[in-house]
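The next block holds one structure in the form of structure tokens; read it before the comments.
The values are calculated or read from the model by the stated rules, or taken from the named source; none is laboratory data. Predicted, not measured: the structure shown is a model, and the values here were computed from it. Using ideal geometry, Cβ is built from the backbone for each residue, glycine included, and neighbour counts are taken over all protein chains shown.
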Amino acid sequence: MPNAEVFGLVLAGGRSTRMQRDKAALAYHGRSQLEWAYDLLKPLVAQAFVSVRPDQTSDPLRARFPQIVDRHENIGPAAGILAAQAQHPEVAWLVIACDLPFLDKATLEHLLSARQPDKVATAYRSSHDGLPEPLCAIYEPSSREAFAAYVASGRQCPRKFLIQADAALIDLPDPRALDNVNTPEEYGSVLRSMGRS
């Protein structure tokens, strides 16, 4: 059986509670992080989409991108992954969070080149704790039913799903590539590290 085609998904449906402003709209590279992430992903996949909540579909930042709308509420990033897999169950999904300012093309290309389609997913091993990084990972079609059952059982953490699943884990070429930003203090720190304070 040939390897499934890979589609891309930028998760941009979060509520940014700790940041107190929309993380997708933060600018690190001269434009919104959502635009940056989408433009990184799009050339590497057959089709790319942005994951949104139902109340975000007409948001000016998100409205200009092809969207996949969450079908579940209050389950975090799992909602975006489930909605994508339900809409296109036959493809593999390269899923990335929109709040990864150090993510680059080389990191995504390395993940794609190391993809193991016979596993349910291919993910990076966190450079901080060695656990799977679920928000920069490739979810194969074979993960769809298992992940849906996992969420239906009341669980919603994609990381714990990958820990329990038959996932391939690979090392990050750049240990900082998947550092995310959740608070105003972290945002300021990243801007300073980029020389943009």
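Taking into account only those residues within region 111-128 that are within 25 Å of LEU26 (Cβ to Cβ) and either out of contact with any Cys (no Cβ under 7 Å at 6 or more places or on another chain) or among the aliphatic types (A, V, I, L, M) (or both), which is surrounded by the most Cβ atoms within 10 Å (Cβ to Cβ)? In this case the residue turns out to be ALA123.
Cβ-Cβ contacts under 8 Å between residues 6 or more apart (or on different chains), taken from a first residue in region 156-185 that is surrounded by fewer than 17 Cβ atoms within 10 Å (Cβ to Cβ) and modelled with pLDDT of 90 or more to a second residue that is part of a loop (DSSP other than H, G, I, E, B) and of a type in the set (Val, Ile, Thr), are listed as ASP166/VAL120.
Of the residues making up region 108-127, those that are within 18 Å of VAL45 (Cα to Cα) and of a type in the set (S, T, N, Q) are SER113, GLN116, THR122. Within region 1-39, the set of residues being more than 12 Å from ASP99 (Cα to Cα) and buried (at least 21 other Cβ atoms within 10 Å of the Cβ) comprises PHE7, GLY8, LEU9. Here ASP104, ASP55 are screened, and the one residue that is free of Cβ contacts under 8 Å to residues at least 12 places away in the same chain, surrounded by fewer than 19 Cβ atoms within 10 Å (Cβ to Cβ) and not polar (S, T, N, Q) is ASP55. Restricted to region 1-60, and to residues that are among the small types (Gly, Ala, Ser) and at positive phi, which residue is modelled with the highest pLDDT? Ranking the qualifying residues of region 1-60, first place goes to GLY30. For region 47-77, taking the residues that are closer than 9 Å to GLY13 by Cα and among the polar types (S, T, N, Q), the one that is nearest to the chain's Cα centre (by Cα) is identified as SER51.
I want to confirm something. Restricting to region 22-42 and keeping residues that are in contact with a helix residue (DSSP H, G or I) (Cβ under 9 Å, 6 or more places away or on another chain) and free of Cβ contacts under 8 Å to residues at least 40 places away in the same chain, which single residue is nearest to LEU108 (Cα to Cα)? Here the residue is GLU35.
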